[in-house]
Amino acid sequence: MTTKKIGIIGDGNVGGALARGLQRAGRDVRAVGDDKAAVRETAAQSEILILAVPFGALEAVAANIAAVSAGKTIIDVTNALTTEMKLALGYSTSGAEELQKKLPNARVVKAFNTQFAQHMDSGRLGDQRLTVFVAGDDAAAKGDAVDVATAIGFEAVDAGPLANARLLEPLGYLNIQLGYVLGLGTQIGMRLVRG
């Protein structure tokens, strides 16, 4: 099976964990930090780009990769939070929709933001498979995100159009609130249960 080249922009906890999970799955993946030239080169060479950077860095990253992003799947993993750890956007737009406006020729998908970094290299919490919700307007791009999530070990669920990132971003914020503010810790995760 031929797999697409995956670039991860952001080599912190989230980007590093996603890179480990994809490397374990045998995928062609490269993760880079905040070096502008390396980010642009990685974006140019990749077919799928995962943006695992702080929300406040998205505008600069988008400006840096705009010229080489046409037709590429861009998976937005960011939590749309302010520096005060409050929800930055919601209900009438989302961080992912705003990113799509900055990269109009790319195919933006929202995914992975509802799980903690500790689980992003396996897609599991203990023996339980966690769920990644995938929202986007382009069916092929959503397919790319589903493939990436499944390769790592997650269950991937189509969460509808990119506008549904307005729901996924607050869900990610709820996960952070539960884990850090309400004291449940990071050994928790989101899982869709079917009856």
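The values are calculated or read from the model by the stated rules, or taken from the named source; none is laboratory data. Just so you know, these numbers come straight off a predicted model, no measurement behind them. Every residue, glycine among them, receives a Cβ derived from its backbone with ideal geometry; neighbour counts consider all protein chains shown.
Observations
- If you filter the stretch 60-100 down to residues that are among the charged types (D, E, K, R) and over 17 Å from the mean Cα position of the chain (by Cα), you find that the one that is surrounded by the most Cβ atoms within 10 Å (Cβ to Cβ) is K86.
- Residues being closer than 16 Å to I48 by Cβ and either outside any loop (DSSP other than H, G, I, E, B) or touching a Gly at 6+ places or on another chain (Cβ under 6 Å) (or both) - total across the stretch 89-106: 3
Here's the yes/no breakdown for (1) within 15 Å of the chain's Cα centre (by Cα); (2) part of a helix (DSSP H, G or I); (3) of a type in the set (D, E):
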site: I8; (1), (2), (3): yes, no, no
site: D11; (1), (2), (3): yes, no, yes
site: Q23; (1), (2), (3): no, yes, no
site: G26; (1), (2), (3): no, no, no
site: R40; (1), (2), (3): no, yes, no
site: L49; (1), (2), (3): yes, no, no
site: V53; (1), (2), (3): yes, no, no
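- Scanning the stretch 175-190 for residues that are at pLDDT 95 or above and exposed (fewer than 14 other Cβ atoms within 10 Å of the Cβ) gives L182, G183, L184, G185, Q187.
- Some residue of the stretch 144-166 being under 25 Å from R24 (Cβ atoms), surrounded by fewer than 23 Cβ atoms within 10 Å (Cβ to Cβ), of a type in the set (K, R) and in contact (Cβ under 8 Å) with a residue 12 or more places away in the chain: no
- Candidates V109, V193 - the one that is of a type in the set (A, V, I, L, M), outside any helix (DSSP H, G or I) and more than 20 Å from V14 (Cα to Cα): V193
- Scanning the stretch 116-137 for residues that are without any contact (Cβ under 8 Å) to a residue 60 or more places away in the chain and either surrounded by fewer than 24 Cβ atoms within 10 Å (Cβ to Cβ) or in a helix (DSSP H, G or I) (or both) yields R124, G126, D127, D137.
- In the stretch 35-69, the residue that is nearest to K5 (Cα to Cα) out of those that are in contact (Cβ under 8 Å) with a residue 24 or more places away in the chain and among the charged types (D, E, K, R) is E47.
- Matching option when the condition is at pLDDT 95 or above and in contact with a His (Cβ under 9 Å, 6 or more places away or on another chain), among A60, A43, A31, A17: A17
For (1) of a type in the set (V, I, T); (2) in contact with a strand residue (DSSP E or B) (Cβ under 8 Å, 6 or more places away or on another chain), each residue gets a yes or a no:
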| residue | (1), (2) |
| --- | --- |
| T3 | yes, no |
| R20 | no, no |
| A25 | no, no |
| L49 | no, yes |
| E84 | no, no |
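- Residue that is modelled with the lowest pLDDT, among those in the stretch 77-106 that are of a type in the set (V, I, T) and more than 14 Å from V14 (Cβ to Cβ): T82
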